[in-house]
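See below for the structure under consideration.
Here, each number is a calculation from the coordinates, and none is a lab measurement. Just so you know, these numbers come straight off a predicted model, no measurement behind them. When we count neighbours, we look across all protein chains shown, and the Cβ atoms used for this are built from the backbone with ideal geometry, even at glycine.
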Amino acid sequence: MTGTLGVAVVGAGFMGEIHAAALAKQEDARLRWVLDHSPKKARRLTRAYRSARSTAERGWPKTTESLEAILGDDQVDAVFVCTQPKAHAALAKECLRAGRAVFLEKPITWTVAEGRALLRLAPVKKGRLFVGHVCRFFPEYVQIRERVQAGDIGRPAMVRASRVMGSPGGWYTDPQRSLGVAGDLLLHDFDLALWMFGAAQRVYALSQARRPPIEEQHVLASVRHKDGTISHLEGSWAHVDGFRTRFEVSGSEGVLEFDSSRRAPLLWKQNASGRGKNLVVPESPSHDSPYDLEVRHFLDVVLGRCRPRITAAEAVQSLELALAAAQSAKLGKPITLAAARSPR
Amino acid sequence: MSALQIGFFSLDHLHVFSYLDCVAQNEKSAIAGIWHPDGKLGRKTARQYGCRWYAEPAKLLDKGLDAAIVCSANRAHLADTRVLAQASIPTLCEKPLGATAAEALKIARLYTKQGTLLMTAFPCRYSPPVVRARQLLSNAELGRILSISSTNRGTFPGGWFAEPRQSGGGAIVDHSVHVVDLLRWLLGTEIDSVYAESSKRLFQGKVEDTGLLMMTLSDGSVASLDTSWSRPGKRYPTWGDVTLELVGEKGLLAVDAFSQVVDLYSNRRDRGVQIPWGDSADAWMIDAFLDAVRNGAESPISGVAGLRAVEVSEAALRSARSHEVVRVQRTEV
C-alpha cells in the first residue's frame, strides 16, 4: 500500500474524537467517513477534524449511518471502531470480511469468545486487526518496561498499579453496556501487567460499589504471573481527587516508581472568584500524545512498516484476565486461567 | 513518684534499641537491666544504657521489676512471657505476639489467667496521622467504607527474621500484623477472610519475602495489604512505609504514617535520605504502657488484639499455600 490511506471512524463518541484528532495530524491518512447513529455527533467530529487539519484538501469526511456506505468505498483502507463494546465484534467482523484493516478500541470485544472468533478471521501476523491499548504508548510505561527488561531492578517480584478517578457516568456505569472498572478501566493495567511480566496464572479480585454493581465501583485485584511475579492492581470510579495513575515495580535489586500526582509537569489552578468552582487541571504535555503515537503506529502497521506493538491475541488475553477478575469478585474465589502463551 | 523499673527480655528484635531509648528518656521509667542470651551484645548494650546485663531471665526477675519489655525472636515470645506472666510482671511484648496463632493464644491466656497486664507492641496506633485518621473515621466523615488499599513495606531484615524456625515465617509474619491491627482499630471491625499471594523472588531464601493480602471485613468493606520486604536497602531513601488509602461513600482518606520527613541530598552520602521529624510513635506507645502499669489500668493494646492480628497473618500463610480464600478463625481468650 502506498500513498494516502483512506480511513473511516465508526462511533463519534469520546474515543472517536480522540482518534480523529490524531488522524488529523497524519499527512498520509485521510478521514473519509464518520459513522454515528447521532448525525449531530458525527458532524461535530467532522468539523473538529476539518479545523484541526493543517492543509486544505479536497473531499472532507462525509457523515453516514450505514456501514455499507463505508465498505462500499474502495478508497477506505482502514476502519476505526470506537463504539460501545457490545457492538465491537459484529462491526469488526464485517470490516475484516470486507478486507479492511481494523483499529478496534479496547476492550477488543464484549466476551472472550467473540474475541477469539475475531482472531480466526484476522491471522495475527498480518496485522489487520489492531486493538487500541493506548497505555502501551504512554512513555512512562514504555520506560518502566525497558528498565525492567534491562535488568535495572533485578528480578521483578511485586508490582503495584493504580488507576483511579471519579465516576465517568453515562453508559460506562450501565452494566448492560459496560464491563465496569475491571473490564473497562483496569483493563489498561491488566494489559500492562501481561505486557511487562508475562502470562497470568491466577487472579483474585475484590469489588465494592457505592451503587452496585458498577456505579462508583472500586476494584482491588491480585494477579499471579506464571514466572511468580505478583501484581496488585487498583481501579476506581469512586475517587474524589481527579484522575491519578501509579505504577511501581519492586525487584531483587531495586524499585521503579511512577505516580502521576507526585510530579506536575504542568498544573493549572483557577481560583473561584467570578468563575464558580475552583478548578485544578494537571497536564503532562508532549509533542505527540500517546494517542497520536498509537494512531501513527497503527498506520505504519497497515502500511507494512512495522509489527504491531500489541497483537489481537494479546488483547484477548488481557480481556480474559480482566473478565476473570470480575468473575472472581463475583464468586468470591480465585480463578485459575487457562494455559495461555506468554505474550512477551 | 519513683521511676518504674523496666526489665528488657532479649535484644533479638531490632525495635528494642528504640524502646531502650524511650524507656531511658521517659521520666516515668528506668532500665532495670537487660537479659540477652548473647553476652557480648548484652554487655555492650548494658554499658551503653548504664545498666547491668543478666545471663539468666530469673536473675533479672530477682531484681524486682515493675514491668518488662519482651523483644526476643517471635518463636521465643511464649517461653519468655510465660516466666513473666507467672511472676505477674506487666509486659509489653513485641509484635507479632506469637510466631503462630496457637502461641499467641497461649500467651494471651497466660496473662488473662494471672490478671496481669499484657500489651502488644503496635506502635502505629500512636502515629499522629493514624490517630487523626481514627478521629475522622469515628466521626463518620467518610460514610460507609468501601475499600482500603494499604502497604507496610520494608527492607530485608535478614538474620533470624529469615529463619522460619525462629520467626515462623517471612514478610507476611513480620509485617502484616501492623496494618491488620490498624484496620481493626480504625474501623472497629474484624477481618473475615483472607486470600494471599507470596513469593521468595526477592532474596530466594527460606521464607516469603513478598506478601499480598486480599481481605474481606465484617463491615462489608474490602482491603488489600502489601507486606513485602521490597525496599532496596542500599539505595532507597527510607526503611519502608505504612500507608492506607480508604475509599468511603463520602470521600477519600489517605494516610502516609511516616511521611513527616525532610529530604536530604548530600555529597557526603551515597543516596538521598529522609530525615524524620514527626512524633516518635514508639515513645508515645511506651508512655501509654507506663501509664497503664502505674495506674493498674486496662491494657492499651490487649493480647486479644495481638492474637487477632496473628490469626489473620496465619490465615494469609495458609491461603498463600492453598491458593484458596481462607476464613479467619477467631478464638476466644
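Remarks
- Highest-first arrangement of B:250-260, B:286-296, B:4-14, where packing means the average Cβ count within 10 Å: B:4-14, B:286-296, B:250-260
- Note on segment A:185-235: Cα-only Rg and Dmax are 11.8, 37 Å.
- Scanning residues 5 or more positions from B:ALA68 or on other chains, those with amide H under 5 Å from its amide H are B:GLY7, B:THR91, B:LEU92, with H placed 1.01 Å from N in the peptide plane.
- In chain A the Cα-Cα distances spread across 10 Å bins starting at 0 as 5, 24, 33, 26, 11, 1 percent of all pairs.
- Taken over segment B:292-333, the convex hull of the Cα atoms encloses 61 Å³ per residue.
- Counted residue by residue at 0.36 nm each, then reduced by the alpha carbon distance between them, the extension gain from A:PHE14 to A:GLU257 reaches 84.5 nm.
- Proportion of all alpha-carbon pairs of segment B:54-99 beyond 12 Å (%): 57 percent
- The alpha carbon convex hull volume per residue for segment B:49-191 rounds to 156 Å³.
- Among the residues of B:191-204, the average count of other protein chain beta-carbon atoms within 10 Å of the residue beta-carbon is 5.
- Here the scattering of chain B is modelled by Debye summation over its C-alpha atoms, one equal scatterer each and no solvent; at q = 0.07, 0.09, 0.12 Å⁻¹ the log10 of I(q)/I(0) is -0.28, -0.47, -0.85.
- Distance between the 7 Å Cα→Cβ label points at A:ASP227 and A:ARG147: 1.7 nm.
- For A:GLU94, the shell of other residues with beta-carbons less than 10 Å away shows a net charge of +2, using +1 for Lys and Arg and -1 for Asp and Glu.
- Computed over all pairs of different Cα atoms, the Kirkwood value for the hydrodynamic radius of segment B:236-333 is 17.8 Å.
- Viscosity 1.567 mPa s, 4 °C: Kirkwood-radius Stokes-Einstein D of segment B:188-231 over Cα pairs, µm²/s: 113 µm²/s
- Rounded to whole Hz, the Karplus (6.51, -1.76, 1.60) HN-Hα couplings of segment A:211-221, x for glycine and proline: 10, x, x, 10, 7, 6, 8, 10, 10, 10, 10
- Counting, for every residue in B:208-219, the Cβ atoms of other protein chains within 10 Å of its Cβ and taking the mean gives 3.
- Mean projected area (nm²) of the alpha-carbon convex hull when segment A:129-170 is viewed from all directions: 5.2 nm²
- Every Cα-Cα pair of segment B:193-267 was included, and the share exceeding 19 Å stands at 55 percent.
- Principal axis box of the protein assembly as shown, alpha-carbon based, largest edge first, Å: 99, 58, 49
- Contour excess over end-to-end distance, with Cα ends at A:SER284 and A:ALA87 and 0.36 nm allotted per residue: 67.7 nm
- Pairwise centroid distance, computed over Cα atoms, of segment B:267-294 with segment A:1-57, Å: 60 Å
- What the Cβ-Cβ distance of B:GLN25 and A:ARG97 gives, at R0 = 60 Å and to the nearest 0.05, is a FRET efficiency of 0.15.
- Dipole of segment A:111-240 [Lys/Arg +1, Asp/Glu -1 at C-beta], most positive-end residue of A:GLY183, A:ALA113, A:ALA209: A:ALA113
- Where only C-alpha atoms are counted, convex hull volume of segment A:9-151 per residue in Å³: 134 Å³
- With a Förster radius of 22 Å applied to the C-beta separation of B:VAL131 and B:ARG271, the computed FRET efficiency comes to 0.10.
- Highest-fluctuation residue, B:ASP62, B:ASP282, B:ASP219 considered, GNM on chain B with Cα pairs under 10 Å: B:ASP62
- When only alpha carbons are used to place a centre, segment B:133-184 and segment A:163-226 end up 24 Å from one another.
- Amide hydrogen neighbours beyond the local backbone of B:VAL326, cut-off 5 Å, H modeled: B:VAL194, B:TYR195
- Here is the size of segment B:28-69 from its Cα atoms: Rg then Dmax, 9.8, 29 Å.
- Amide H contacts of B:SER29 (H built 1.01 Å from N, under 5 Å, at least 5 apart or other chain): B:LEU4
- Vicinal HN-Hα couplings computed from phi for segment A:244-261 (Karplus, 6.51 cos²θ - 1.76 cosθ + 1.60; Hz; Gly/Pro x): 9, 10, 9, 8, 9, 10, 9, x, 5, 10, x, 10, 10, 10, 9, 9, 5, 9
- Segment A:120-270 - charge dipole about Cα centre, Lys and Arg +1 at Cβ, Asp and Glu -1, debye rounded to 20: 480 debye
- Computed E for B:ASP256/A:ARG244 - FRET, C-beta separation, R0 22 angstrom, nearest 0.05: 0.90
- Each of A:TRP171 and B:ARG82 was given a label point 7 Å from its Cα along the Cα-to-Cβ line. The distance between the two points is 6.9 nm.
- Pair B:PHE17, A:LYS62: separation of 7 Å Cα→Cβ label points (nm): 8.0 nm
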